[in-house]
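**Student:** The structure that follows is given in the form of structure tokens.
The values are calculated or read from the model by the stated rules, or taken from the named source; none is laboratory data. These numbers were taken from a predicted model, which means no experiment stands behind them. FYI the Cβ positions are ideal-geometry reconstructions off the backbone, even for glycines, and counts take in every protein chain you see. Side chains are part of the model used for accessible areas, which takes the heavy atoms of the whole protein and leaves out ligands, DNA and RNA. Shrake-Rupley method; radii C 1.70, N 1.55, O 1.52, S 1.80 Å.
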There are 2 protein chains.
Amino acid sequence: MIYLDYAASTPLRKRALHVLEKSLKEDFANPSSAHKLGTCLYERIEMYRKEILKYLEGHVNDRMVFTSSATESNNMVFFGLNLTSGDKIMFSRADHASITAPADLLKNRGIQQVEIKLKADGSIDEEKFWTSLDSDVKLIVFSYVNNQCGTITDFCKLSTEIKKKWSTVHIHIDAAQGFGKLPFSLKEARIDSLSISSHKIGGPKGIAGLYLKSNINLTPLMYGGGQENHFRPSTQAAPLIFGFYEAIRESFETIQTSLDHVQEINKSIRDNLNQKLSEIRFPYDKVSSPYILTFILPHISSDIILRHLETQNIIVSSTSACSSRVKGKNPVFDALHIPPPLHKFVLRVSFSHETLKEDVEFFCSAITQIYNDLKQLMKRRD
Amino acid sequence: MIYLDYAASTPLRKRALHVLEKSLKEDFANPSSAHKLGTCLYERIEMYRKEILKYLEGHVNDRMVFTSSATESNNMVFFGLNLTSGDKIMFSRADHASITAPADLLKNRGIQQVEIKLKADGSIDEEKFWTSLDSDVKLIVFSYVNNQCGTITDFCKLSTEIKKKWSTVHIHIDAAQGFGKLPFSLKEARIDSLSISSHKIGGPKGIAGLYLKSNINLTPLMYGGGQENHFRPSTQAAPLIFGFYEAIRESFETIQTSLDHVQEINKSIRDNLNQKLSEIRFPYDKVSSPYILTFILPHISSDIILRHLETQNIIVSSTSACSSRVKGKNPVFDALHIPPPLHKFVLRVSFSHETLKEDVEFFCSAITQIYNDLKQLMKRRD
């Protein structure tokens with residue numbers, strides 16, 4: 001099987017799997033228990049929390065809250081800031097559903113939306129951004145790497161510029177698709193919170209994190225046993241946290257070699273397909289993470305191409321998994337300036353450090369063959 | 001090591017561990033993805049959801065929502081019902097923190113609290129209950145099995161009686177400590193929601209469930225990709241769900257033999273300690289689940305006894321793990337009619353199907369020895 005949907009979810013890294021399996025057997029106690037089995041787990045969790053902050057180059061007083069998903073992390077920010085009627089939030093319609101859906105819910109409570117407009121290449125239209133920013137804006141959300149098209153937002157630069165003039169606005173980064181893949185340092189940023197995900201970097205599903213700057217307080221989504229410094233009650237899933245940490249550790253240790261590898265993979269696909277399929281378009285490749293490659297292949301619906309690829313055991317997607325069961329038009333495509341008649345021709349491939357060059361070559365040949373065959377078939381029918 | 005803190009958390013059942021390990025390796029795709037890897041996982045999740053409903057003997061149209069913890073499940077009910085100022089909620093101060101803490105938060109929003117009073121044996125004072133129930137009560141919470149003392153609440157009987165007169169009140173059951181251990185049938189109940197936990201029955205941590213009667217709608221805590229029928233967005237942690245299901249399956253298949261075994265274990269401890277320690281009291285043993293045994297052993301602080309037991313590798317607790325790091329007085333003990341001077345003498349042991357008779361005999365000898373030695377020491381000091 002050739003899996004090219006790493007942006008949706010990733011297989012567990014071997015070391016993370018090993019740590020997780022060991023912990024599932026051994027670390028069965030409740031980390032909140034006062035006895036030694038509990039306190040040992042508690043201390044390990046606290047240690048990893050600090051280690052993750054180090055990878056982010058956060059301040060020693062900053063916090064890392066373990067949550068169940070990046071969706072939960074994002075929701076904690078939207079609902080934890082106690083925004084009130086008249087406040088404005090800025091985000092892009094190309095962001096993940098866990099950004100746009102909480103924003104839409106808050107709209108019902110009188111919180112105004114200011115859309116961050118994108119240019120045709122998927123990057124932020126900074127001119128429009130600055131003119132729409134005013135003192136009523138209380139929350140600005142940037143996706144570090146857009147999950148659909150891979151566009152990178154330089155949140156370090158942007159946040160520093162924003163805070164110079166608007167020091168009190170809360171800047172939240174959804175880094176689910178960039179964390180552990182593209183290096184960044186919080187030392188160079190002026191952000192207030194940042195979501196990270198485990199299952200996007202070879203860690204287990206069911207665990208994620210929310211970075212919070214030291215001075216930030218959030219009203220929690222849930223109340224209970226006071227775990228996670230009262231930000232997130234629930235018995236801490238120690239084995240998942242340990243597996244997540246191991247995936248983070250390996251991702252950061254190999255971040256540059258993985259990036260180099262994926263860059264090569266990405267380039268080889270673009271070169272290969274550009275050569276073979278004259279009509280293909282890569283609208284976002286100039287400003288994107290090499291981990292995600294979105295393209296438009298007109299005439300044949302992506303659904304049909306996906307099914308044909310599947311019969312050859314090649315797994316590709318057209319859009320974010322979280323949006324894939326949504327019927328009707330895709331607002332992310334609109335925000336990314338894809339003309340509505342082309343929505344059904346969008347395809348997304350995404351990679352990891354373990355993606356093989358021969359596999360992507362096979363994918364290129366397969367999709368070319370499928371595309372040409374189907375076009376021939378269409379012509380004969382006409 | 002002799003582990004007698006199964007009410008806090010349990011080791012993974014072998015079959016659940018096996019299923020989980022297999023799934024962690026194989027089921028890496030995103031269950032929301034439209035491709036075959038995703039849809040296969042999606043369908044398996046839907047199948048298990050229905051199977052769990054069957055174990056509960058729920059109606060075919062009822063729902064089982066997978067959440068990250070029973071704390072989350074409980075919070076979903078408290079915050080999902082859209083209670084407004086003047087509404088009343090009924091619960092006991094002996095309930096888990098994930099009941100009392102959301103109730104206290106809602107109090108700040110004008111939702112009134114009506115305390116369900118308990119008798120000295122830990123059971124509900126039904127006379128007081130019925131007189132305090134009125135038409136302003138919109139939510140009643142019962143713990144199926146109290147996590148501190150094990151008292152069982154016959155929610156089937158109670159809910160049926162309540163709904164005869166008050167048909168619209170929402171009845172929620174926190175079944176984290178009873179589910180999979182003590183049989184019950186939703187056919188005989190008239191409840192609206194019920195929380196279940198995985199890590200209390202030999203399943204993995206980080207996964208739990210919320211049963212919802214077919215006609216019940218809840219405003220979700222989070223918004224995003226629409227998973228779990230919009231009740232709970234986030235990439236579904238398929239391996240955890242599969243491990244949880246396996247733990248449920250085995251728990252239900254062996255529910256009676258496990259119960260018989262634990263009943264024997266429980267009785268043997270009580271007999272043994274009653275014989276050896278004349279001052280020991282078991283205030284709740286008449287109406288309690290045999291899985292939990294709480295006792296008061298005066299004169300020597302439970303903290304000291306726990307530490308001494310730990311040096312012999314015997315793991316016991318004094319209270320719920322989620323409350324164990326809370327300093328100051330324990331409101332659960334007050335609700336259970338333990339006089340304040342005795343709070344520091346409370347001990348809780350809890351069991352599973354795998355608790356060995358020789359281990360509990362060893363525990364009884366050890367605690368007797370420790371207790372007598374420490375008392376001697378005290379006398380000599382006096």
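**Student:** Counting only helical runs of four or more DSSP H residues, what would the 222 nm mean residue ellipticity of the protein assembly as shown come to if each run contributes -39,500 (n - 2.57) and the total is spread over all its residues? Let's see the in-between values first.
**Tutor:** On the way: 22 runs with 304 residues, N = 764.
Calculated mean residue ellipticity at 222 nm is -13000 deg cm²/dmol.
**Student:** Can you list the HN-Hα couplings for region B:367-379, worked out from phi with the Karplus curve (6.51, -1.76, 1.60; θ = phi - 60°), rounded to whole Hz and with x for Gly and Pro?
**Tutor:** Once θ is set to phi - 60°, the couplings for region B:367-379 become 5, 5, 4, 4, 4, 5, 4, 5, 5, 4, 4, 4, 4 Hz.
**Student:** Between the helical axis of B:36-56 and the dominant principal axis of chain B, each derived from Cα atoms, what acute angle in degrees is found, rounded to the nearest 10?
**Tutor:** Helix B:36-56 sits at roughly 60 degrees to that axis.
**Student:** Which value, in Å², gives the accessible area per residue of the protein assembly as shown when a 1.4 Å probe is used on the protein heavy atoms? Each step should come with its number before you reach the end.
**Tutor:** Numbers: 29640 Å² over 764 residues.
Accessible area per residue: 39 Å².
**Student:** Could you give each residue of region A:123-139 its phi-based ³J(HN,Hα) in whole Hz, using Karplus coefficients 6.51, -1.76, 1.60 with θ = phi - 60°, and x for Gly or Pro?
**Tutor:** Going residue by residue, I get 7, 5, 7, 5, 4, 4, 4, 5, 6, 8, 7, 9, 6, 7, 6, 10, 9 Hz, with x marking Gly and Pro.
**Student:** How many partner chain Cβ atoms sit within 10 Å of a residue's Cβ in peptide B:22-33, on average, as a whole number? Could the numbers behind the result be given before it?
**Tutor:** Details: counts 0, 0, 10, 4, 1, 3, 11, 8, 13, 4, 9, 11.
Counting Cβ atoms of other protein chains within 10 Å of each residue's Cβ and averaging gives 6.
**Student:** Among rounded, prolate and oblate, which fits region A:136-293 when a ≥ b ≥ c are the square roots of the eigenvalues of its C-alpha gyration tensor, a/c under 1.5 means rounded, and a/b larger than b/c means prolate? Please report the intermediate quantities before stating the final value.
**Tutor:** Details: a/c = 2.42, a/b = 1.46, b/c = 1.66.
Oblate shape, in that a/c is at least 1.5 and b/c is the bigger or equal ratio.
**Student:** Give me the percent relative contact order of region A:14-253, please, defined on Cα pairs under 8 angstrom at least 6 residues apart.
**Tutor:** Numbers: 449 pairs, mean separation 66.6, N = 240.
Computed over region A:14-253, the figure is 28 percent.
**Student:** Could you tell me the accessible area of residue B:262 in Å² (1.4 Å probe, neighbours in place), rounded to the nearest ten?
**Tutor:** In the full protein context, residue B:262 sits at about 0 Å².
**Student:** Give me the orientation-averaged projected area of the Cα convex hull of region B:14-253, in nm², one decimal.
**Tutor:** Numbers: hull surface 50.8 nm².
Answer in nm², one decimal: 12.7.
**Student:** Another question, then. Where does the charge balance sit around residue B:284 when Lys and Arg score +1, Asp and Glu -1, over other residues with C-beta under 12 Å from its C-beta?
**Tutor:** Numbers: positive: B:119, B:270, B:281, B:286, B:348; negative: B:121, B:285.
Residues near residue B:284 contribute +3 overall.
**Student:** What ranking of B:23, A:318 comes out by heavy-atom accessible area, probe 1.4 Å, highest first? It would help to have the intermediate numbers written out before the result.
**Tutor:** Working: B:23 5, A:318 25 Å².
My answer, sorted largest first, is A:318, B:23.
**Student:** Let me ask something else about it. Please report, in whole Å, how far the alpha carbons of region B:88-177 spread along each principal axis, starting with the longest.
**Tutor:** Sorted largest first, the three principal extents are 31, 30, 22 Å.
**Student:** Next question. For region A:20-93, divide the Cα radius of gyration by the Kirkwood radius and give the resulting Rg/Rh value with two decimals. Let's see the in-between values first.
**Tutor:** Values: Rg = 17.1 Å, Rh = 15.4 Å.
Checking Rg against Rh, the ratio lands at 1.11.
**Student:** Between 0 and 90 degrees, rounded to the nearest ten: what's the tilt of helix B:97-107 against the longest Cα principal axis of chain B?
**Tutor:** With rounding to tens, the tilt is 70 degrees.
**Student:** Please list, in chain and number order, the residues 5+ apart from residue B:67 or on another chain whose amide H is under 5 Å from its amide H, with Hs placed from the backbone.
**Tutor:** Under 5 Å from the amide H of residue B:67: B:208, B:209, B:210.
**Student:** Next question, about the same structure. Under 1.5 on a/c is rounded, so check that first for region B:1-154, then, if it is not, pick prolate when a/b is larger than b/c and oblate when it is not; a ≥ b ≥ c are the square roots of the alpha carbon gyration tensor eigenvalues.
**Tutor:** Working: a/c = 2.45, a/b = 1.64, b/c = 1.50.
Prolate shape, in that a/c is at least 1.5 and a/b is the bigger ratio.
**Student:** To the nearest 10 square angstrom, what accessible area does residue B:62 show with a 1.4 Å probe?
**Tutor:** 10
**Student:** Can you give me the angle between helix B:155-165 and the longest principal axis of chain B, using Cα atoms only, in degrees from 0 to 90, rounded to the nearest 10?
**Tutor:** 60
**Student:** Shielding of A:99-108 by partners, i.e. mean partner chain Cβ atoms within 10 Å per residue? Could you put the intermediate results ahead of the total?
**Tutor:** Details: counts 2, 2, 8, 4, 1, 1, 4, 1, 0, 0.
Taking all residues of A:99-108 together, the mean is 2.
**Student:** To continue, here is another question. Near the amide H of residue B:139, under 5 Å away, which other amide H atoms are found, from residues 5 or more places off or on another chain, if H is placed in the peptide plane?
**Tutor:** B:88, B:90, B:170
**Student:** For the protein assembly as shown, what ratio Rg/Rh do Cα atoms give with a Kirkwood hydrodynamic radius? Write down the numbers at each step before the final one.
**Tutor:** Details: Rg = 27.6 Å, Rh = 27.5 Å.
Using Cα coordinates only, the ratio equals 1.00.
**Student:** Using a label position 7 Å from Cα in the Cα→Cβ direction, what is the ascending list of nm distances from residue B:275 to the same site in the other copies?
**Tutor:** Here the equivalent label points are 8.5 nm apart from this one.
**Student:** With every protein chain in place, what's the accessible area of residue A:378 (1.4 Å probe, Å², nearest 10)?
**Tutor:** The accessible area of residue A:378 comes to roughly 80 Å².
**Student:** Now for a separate question. If amide H atoms are built 1.01 Å from N in the plane of the peptide, which residues on other chains or at least 5 residues away come under 5 Å of the amide H of residue B:174?
**Tutor:** Result for residue B:174 returns B:142, B:143, B:144, B:195.
**Student:** Something else about it: Once you sort the root eigenvalues of the Cα gyration tensor of region B:12-56 as a ≥ b ≥ c, which label holds: rounded (a/c under 1.5), prolate (a/b larger than b/c) or oblate (the other case)?
**Tutor:** On the way: a/c = 3.76, a/b = 1.17, b/c = 3.21.
Oblate, because a/c is 1.5 or more while a/b does not exceed b/c.
**Student:** Just reorder B:130, A:166 by solvent-accessible area, largest first, 1.4 Å probe, all chains present. Before the final figure, lay out each step's value.
**Tutor:** Numbers: B:130 90, A:166 60 Å².
Ranked from most to least accessible, the order is B:130, A:166.
**Student:** Moving on to the next point. Quick one: order B:250, A:188, B:361 from most to least accessible surface, probe 1.4 Å. Could the numbers behind the result be given before it?
**Tutor:** Numbers: B:250 35, A:188 125, B:361 85 Å².
Descending accessible area places them as A:188, B:361, B:250.
**Student:** Sticking with this one: Would you tell me the mean number of C-beta atoms belonging to other protein chains that fall within 10 Å of each C-beta in A:36-42, as a whole number?
**Tutor:** On the way: counts 7, 7, 8, 2, 0, 1, 1.
Other-chain Cβ atoms within 10 Å of each residue's Cβ, averaged: 4.
**Student:** Using the Karplus equation 6.51 cos²θ - 1.76 cosθ + 1.60 (θ = phi - 60°), what ³J(HN,Hα) coupling, rounded to whole Hz, does each residue of region A:289-300 give in order, writing x for Gly and Pro?
**Tutor:** Result, rounded to whole Hz: 5, x, 6, 10, 10, 10, 9, 10, 10, x, 5, 10.
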